[in-house]
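Shown next, in structure tokens, is the structure this report addresses.
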Amino acid sequence: MAEELLKLQNIYKNFGNVKVLKDVNIKINKGEVVALIGDNGAGKSTLIKVITGVHSPNSGKVFFKEKEVQIKSVAQSRKMGIEAVYQERALCDQQELYRNIFAGREITNSFGFLDIKKQRKEAEKILRDYIGFTSKAITVDSQVMGLSGGEKQGVAFGRSLYFNSDLIVLDEPTMGLSIQETEKVLNFVKGLKNENKSAIFIDHNIIHVYGAADRFIILDRGEVVGEFNKEDISREELVQKMIQLHESGKIKVED
Amino acid sequence: MNNLLNSYFVKTHKLEISITIIAVVLFLIYFLGAPHVFTRFPIYRAFMQSMPFFGIIAISATFVVTLGEIDLSFPSIVGITSLIFGIIMTSTGGNFFIAFILATSLGMFAGLVNGLLVTKIGIPSIVATIGTLFFWRGLVNVISQGSGIAIVDVADGTWHHMIFVEKLFGKIPMQFIWFIVLTGLMQWVYRYHKFGNHIHFVGDNKASAQMMGINVDNVKIIAFVQLGFFSALAGIFTMYEMLYFWPTQGEGLMLTTLAAVFVGGTSVFGGKGTIFGTFIGVLIIGSLESGIVALGLSGFYVKFINGLMITVAVTVYALIQRRKN
């Protein structure tokens, strides 16, 4: 029996009168890669923001490592071992890379002053070893502004690898990347499983999702409308389901 | 030469270098145009005496501006904290500690109010602080009933008067020493403390900063609180220098202070700034009036040239920024 890592129970989230998540129940096991799929506005981003502590749910329970938890902040979810990779959006353009990598969890002395030397050294390690940047144009002192989409994504990844977390949350990890860079990202996701780490990711591209995920959860207008294990559904069938959902607004349940 | 221009230091300090060049040119003009004034010490002593009053606030306000926020209420915070300082000093027969603690606490409280209005209520800082600007000044008028307070009897000749405003070696005004020390300290915090780091990230991109686990609201609140504290401190310095409280105290600080920050190169869009630049900005803005008069122009030119400096400086920065993008 697989060991449970994260469980969401009856999660509701409203923004004003808009019900973004309605009674969502999902579970992620250790070493499992789960793909969240659904159209724009299905609630995918909100759901992962609940997991990473950006938003608190209006009601419902969250269990992490079989203990009930209330994730109130990003700092807290990180401490528990949940790490988010929000594409380039979670980097600040005008700040240097070594500051971006450690933003929100700076290496400091006991008075709160940054250990710049150590941050730069560790950032250097992340750039060269984890991300594999070889270009001389990018250094730890570069501003994020000058980086390409793929490079920014790489920095966000490197950061999550460095902080060694149990659950990695990936928000559209392949968007805007070249084929080669996409391949790297998917390999990274597959590599997680070998270390018994879990990942949950959102992607519009079912072709990417299919290769890398063990399980698919389909969200539609805030509700989970379908859940499939990879061994039970082929890529073509999954695509069919999504088209069907798109056209009719529901998934036909087969027996 | 080309090598020098492309060096890492130059590339990362374009703003600081530009502002320093502007200041050097300005002082050269003073020096050549009015050598009889600028080759002698008294003019520099006058600068050192007067600049710290708004300089301290400008350094502190750089944090708020880097957030992409603004505080227009500090002139009135100077007013209300100076009033309280004066009242406590006279009523306790010169108890410096109580007066200092209460005045700076009130300053921090005023900053806290600004911070809460901006973060928890969600009022844009320019609007919220116009409100508190009037509120604190109004309170000054109500409490003081328009009269001033002399603290000369309880402050003159005391050790606190000495450490705040008397002359070191009979030459250097103490407030200038404090100004230099505070500038150094704040520069250190701005660049190398977690708080300064968070200021940059929140000013750069609030949403990203939040996703990286930075408590955006707290960072903003603390920024307003420290500005409240330093406004109170500037008020206390002024009180010791003048030995008198007057109900309009602090009025007139707003434009020179903010001008120093913007001339210094801190971006009004947030995310980038420089304490060193603000320091140079204080030297420029604080020297203009005497400089212009010493050059033989009438006092009527002061505002005109002030305006010219600010406009030229912010245009240069905007162009540097645009080339980068």
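The values are calculated or read from the model by the stated rules, or taken from the named source; none is laboratory data. Not measured: the values here are computed from a predicted model. Note: ideal-geometry Cβ built from the backbone for every residue, glycine included; neighbour counts use all protein chains shown.
One residue is enough: does segment A:51-59 have a residue meeting the conditions of a type in the set (A, V, I, L, M, F, W, C), under 20 Å from residue B:208 (Cβ atoms) and more than 12 Å from the chain's Cα centre (by Cα)? Can you show your working first?
At the first step, the residues of segment A:51-59 found to be of a type in the set (A, V, I, L, M, F, W, C) are A:51, A:54.
Checking the rest, the ones that are also under 20 Å from residue B:208 (Cβ atoms) come to A:51, A:54.
Checking the rest, the ones that are also more than 12 Å from the chain's Cα centre (by Cα) come to A:54.
Yes, segment A:51-59 contains at least one residue that is of a type in the set (A, V, I, L, M, F, W, C), under 20 Å from residue B:208 (Cβ atoms) and more than 12 Å from the chain's Cα centre (by Cα).
Being surrounded by fewer than 23 Cβ atoms within 10 Å (Cβ to Cβ), at positive phi and hydrophobic (A, V, I, L, M, F, W, C) holds for only one residue in B:169, B:195, and it is B:169. Restricting to segment B:39-79, name every residue that is of a type in the set (D, E, K, R), over 12 Å from the mean Cα position of the chain (by Cα) and more than 23 Å from residue B:166 (Cα to Cα). Result: B:69, single match. Every condition in (1) surrounded by 21 or more Cβ atoms within 10 Å (Cβ to Cβ); (2) touching a residue at least 40 places away in the same chain (Cβ under 8 Å); (3) hydrophobic (A, V, I, L, M, F, W, C) is met by residue A:145 except one, and the failing one is (1).
You will find that of A:202, A:233, the residue that is touching a residue at least 60 places away in the same chain (Cβ under 8 Å), of a type in the set (Val, Ile, Thr) and outside the structural domain of residue A:124 (by TED's automatic domain parsing) is A:202 and no other. Evaluating residue A:98 against the criteria (1) within 9 Å of chain B (Cβ to nearest Cβ); (2) hydroxyl-bearing (Ser, Thr, Tyr); (3) crowded, with 21+ Cβ neighbours inside 10 Å leaves one unmet condition, (1).
Considering segment B:73-104, and only residues there that are free of Cβ contacts under 8 Å to residues at least 12 places away in the same chain and assigned to a helix (DSSP H, G or I), the residue that is farthest from residue B:215 (Cα to Cα) turns out to be B:91. When segment B:177-194 is examined, which residues are found to be at the interface with chain A (Cβ under 7 Å from one of its Cβ atoms) and either part of a helix (DSSP H, G or I) or out of contact with any strand residue (DSSP E or B) (no Cβ under 8 Å at 6 or more places or on another chain) (or both)? Passing the criteria: B:192, B:194.
State the number of residues belonging to segment B:282-325 that are over 21 Å from residue B:31 (Cβ atoms) and touching a Gly at 6+ places or on another chain (Cβ under 6 Å). I'd like the intermediate steps shown before the answer.
Within segment B:282-325, the first condition is being over 21 Å from residue B:31 (Cβ atoms), and the residues that meet it are B:300, B:303-304, B:307, B:310-311, B:314-325.
Okay, now just the ones that are also touching a Gly at 6+ places or on another chain (Cβ under 6 Å), so B:317.
Selection size over segment B:282-325: 1.
Evaluating residue A:85 against the criteria (1) surrounded by fewer than 20 Cβ atoms within 10 Å (Cβ to Cβ); (2) more than 8 Å from chain B (Cβ to nearest Cβ) leaves one unmet condition, (1). Considering every residue within segment A:223-232, establish whether at least one is part of a loop (DSSP other than H, G, I, E, B), modelled with pLDDT of 80 or more and either within 14 Å of the chain's Cα centre (by Cα) or surrounded by 14 or more Cβ atoms within 10 Å (Cβ to Cβ) (or both). No, there is no match, as no residue in segment A:223-232 is part of a loop (DSSP other than H, G, I, E, B), modelled with pLDDT of 80 or more and either within 14 Å of the chain's Cα centre (by Cα) or surrounded by 14 or more Cβ atoms within 10 Å (Cβ to Cβ) (or both). Return yes or no: is residue B:60 among the small types (Gly, Ala, Ser), over 30 Å from residue B:108 (Cα atoms), part of a helix (DSSP H, G or I) and touching a residue at least 12 places away in the same chain (Cβ under 8 Å)? In short, no. Assigned to a loop (DSSP other than H, G, I, E, B), within 26 Å of residue A:54 (Cα to Cα), within 14 Å of another protein chain (Cβ to nearest Cβ) and within 15 Å of the chain's Cα centre (by Cα): which single residue out of A:165, A:160 fits that description? Within the list A:165, A:160, the selection yields A:165. Here segment A:185-222 is the region considered, the condition is being farther than 13 Å from residue A:170 by Cα, aliphatic (A, V, I, L, M) and modelled with pLDDT under 80, and the residue that is surrounded by the most Cβ atoms within 10 Å (Cβ to Cβ) is A:206. Of the residues making up segment B:228-242, not a single one is within 14 Å of chain A (Cβ to nearest Cβ), free of Cβ contacts under 8 Å to residues at least 12 places away in the same chain and farther than 22 Å from residue B:116 by Cα. In the condition set (1) of a type in the set (S, T, N, Q); (2) crowded, with 16+ Cβ neighbours inside 10 Å; (3) modelled with pLDDT under 95, residue B:147 is compliant with all but (2). Taken as a whole, the structure places residue B:274 among residues that are surrounded by 23 or more Cβ atoms within 10 Å (Cβ to Cβ), in contact (Cβ under 8 Å) with a residue 24 or more places away in the chain, among the β-branched types (Val, Ile, Thr) and within 14 Å of chain A (Cβ to nearest Cβ).
If the condition is being free of Cβ contacts under 8 Å to residues at least 60 places away in the same chain and in a loop (DSSP other than H, G, I, E, B), then segment B:139-167 contributes B:145, B:157, B:166.
Which residue, of B:197, B:218, B:205, is within 21 Å of the chain's Cα centre (by Cα), of a type outside the set (Val, Ile, Thr) and within 14 Å of chain A (Cβ to nearest Cβ)?
On the way: B:218 fails: within 21 Å of the chain's Cα centre (by Cα); B:205 fails: within 21 Å of the chain's Cα centre (by Cα).
That would be B:197, the only listed residue that is within 21 Å of the chain's Cα centre (by Cα), of a type outside the set (Val, Ile, Thr) and within 14 Å of chain A (Cβ to nearest Cβ).
Confirm whether residue A:114 is under 21 Å from residue B:197 (Cα atoms), under 18 Å from the mean Cα position of the chain (by Cα) and not hydroxyl-bearing (Ser, Thr, Tyr). No; evaluated as a whole, the condition is false for this residue.
Cβ-Cβ distances below 6 Å connect the following pairs, each with a first residue in segment A:1-29 that is more than 15 Å from residue A:41 (Cα to Cα), a second residue that is aromatic (Phe, Trp, Tyr), and a separation of six or more residues or different chains: A:6/A:64; A:7/A:63.
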